[in-house]
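So the structure is just underneath, and the comments pick up after that.
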Amino acid sequence: MKTQDLKGKKLLVLGGTALVCDIVAKAKDMGIYTIVTDWNDPSASPAKKIADEYWMESISNTTKLAQLIKENNIDGIITNYTDSYLPFYARLCESTGLPCLATEKQMEVISNKELSKKLCIKHGISVSKRYEVSSVEDIDNLTDVRYPVLTKPVDNSGQRGIYVCLDKDELKRLYTTSLQFSQSKNVMIEEYVQGDYTVMFYTIQNGVVTLSTMSDKPVIGEFVNNLPKLPQGYILPSKYVNLCKEIMLPKVQALVKDLNIQNGIIGIEAVVKDDDIFVFEMQFRLGGMKHHNFVLKENKMDLLAMLVRFAITGQFSGWDISEYDNPNFKNVYCSLNILIQPDTVSKIEGLEIALSLPQVTNFTQMMEIGESVKLPGTVQQILFKFSLVENNLHNLKQTILTIYNTLKVYNNQGENIIINPTFLDELDA
């Protein structure tokens, strides 16, 4: 089905976060009528502000939504970026007979940290050592623990509920805290593998799996209050692309075949250490770095349009990934996270100047003036996301410096709360 054949079709978008605005804008560009639903007021649901219509209905109320979908002759459903929305997406698609990228069980196996770890082990993908614990009392019985270790809710994302524990006392205390972030009350304890962080995105089309992007992920260098290191951005292409194609791609292809998933996008977060790749998280969705923008700019393949088209037609088409996908980018790209201290955003200066830079290809503002960081140590500390393109790492460094020197974000006391980058010297290495 060509884009013009989609005009007038109705697309229901689950969730109205700032990241979802890209989906709404893409669908509207394709002539599709967009409806965004969640329980948030439009003032706290940015995608509702740009959609053709919005509903004040919770994503979890699938019975009511299914009724509305039928009454309003909705042609497709889509969601991304948030793991917790995926089960409701799958249930809605099943109950209404609309196209769905995967079953609820398939998506759970990928996004659940415990199940995905077992899946990786099955297919020979390296993972960190896990310590078997089902209660805080079991911690006393652990032997040969190599600190630091991580506590991780098996069913949460965005770094929520993850803590770095340096000794047994911290592990006991933070294991209990981590439980509060798990709906299933299931928390993993695993060795903290130290190395170079990286993020990979694989595209699946009619059972064929390709590596679309691999990025290096510089993080804040120090742990604060046992919280994990925050991502300062993503640099593409990664220096480990060829290693990934050699040792990871065949295993991911086998993993996808095992799950019998035919179409979609899988994100994998990992650490590179000693010429090996240790996976610690997987997602069946787009990620916050919005890698699809870089793929479109570099390889002229519109993954977002393909996802929208699938939602309406059931066909993940428009481009042949075997022909277009190539993670060895010629240009250099960066998804730059502007992090702020855990505080309230009172005033922003210099944003228009930063956005006028020709290297800026996409932008997302995650919080508005007056909003505060409620969960320190999570992606809630990201205020802005800039997508950047340059022809080499040196020029990329200069562009990033220009942005940081231009932007100012103030709290109620008039203090600049932007966290300065610590990774720029690596770009000259």
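The rows are residues; the columns are (1) in contact with a helix residue (DSSP H, G or I) (Cβ under 9 Å, 6 or more places away or on another chain); (2) over 30 Å from PHE384 (Cα atoms); (3) assigned to a strand (DSSP E or B).
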site: PRO250; (1), (2), (3): no, yes, no
site: ILE265; (1), (2), (3): yes, no, yes
site: ILE268; (1), (2), (3): yes, no, yes
site: GLU281; (1), (2), (3): yes, no, yes
site: ARG285; (1), (2), (3): yes, no, no
site: GLY288; (1), (2), (3): yes, no, no
**Fill in**
Over segment 46-63, the set of residues under 19 Å from SER84 (Cβ atoms) and either modelled with pLDDT under 95 or of a type in the set (Lys, Arg) (or both) is LYS48
**Prompt:** Within segment 382-403, which residues are in contact with a strand residue (DSSP E or B) (Cβ under 7 Å, 6 or more places away or on another chain) and either modelled with pLDDT under 95 or of a type in the set (Ser, Thr, Tyr) (or both)?
**Reply:** SER387, THR399
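Within the bounds of segment 416-425, is there any residue that is at positive phi, outside the structural domain of ILE235 (by TED's automatic domain parsing) and either part of a loop (DSSP other than H, G, I, E, B) or without any contact (Cβ under 8 Å) to a residue 12 or more places away in the chain (or both)? Can you show your working first?
Step one: list which residues in segment 416-425 are at positive phi, which gives none.
For segment 416-425, residues at positive phi, outside the structural domain of ILE235 (by TED's automatic domain parsing) and either part of a loop (DSSP other than H, G, I, E, B) or without any contact (Cβ under 8 Å) to a residue 12 or more places away in the chain (or both): absent.
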**Prompt:** What about ASP22, is it closer than 18 Å to ASN73 by Cα, assigned to a helix (DSSP H, G or I) and charged (D, E, K, R)?
**Reply:** no
**Asked** Looking only at residues in segment 146-181 that are at pLDDT 90 or above and hydroxyl-bearing (Ser, Thr, Tyr), which one is farthest from LEU286 (Cα to Cα)?
**Response** TYR147
**Prompt:** Restricting to strands (runs of 3 or more DSSP E) lying wholly in segment 308-398: which have 2 or more residues that are among the polar types (S, T, N, Q)?
**Reply:** 332-339, 360-365
**Prompt:** Among (1) modelled with pLDDT of 95 or more; (2) crowded, with 21+ Cβ neighbours inside 10 Å; (3) not charged (D, E, K, R), where does ASN299 come up short?
**Reply:** (2)
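The values are calculated or read from the model by the stated rules, or taken from the named source; none is laboratory data. Nothing here was measured: the structure is a model prediction, and the numbers come from that model. Neighbour counts run over all protein chains shown; Cβ positions are idealised from the backbone, glycine included.
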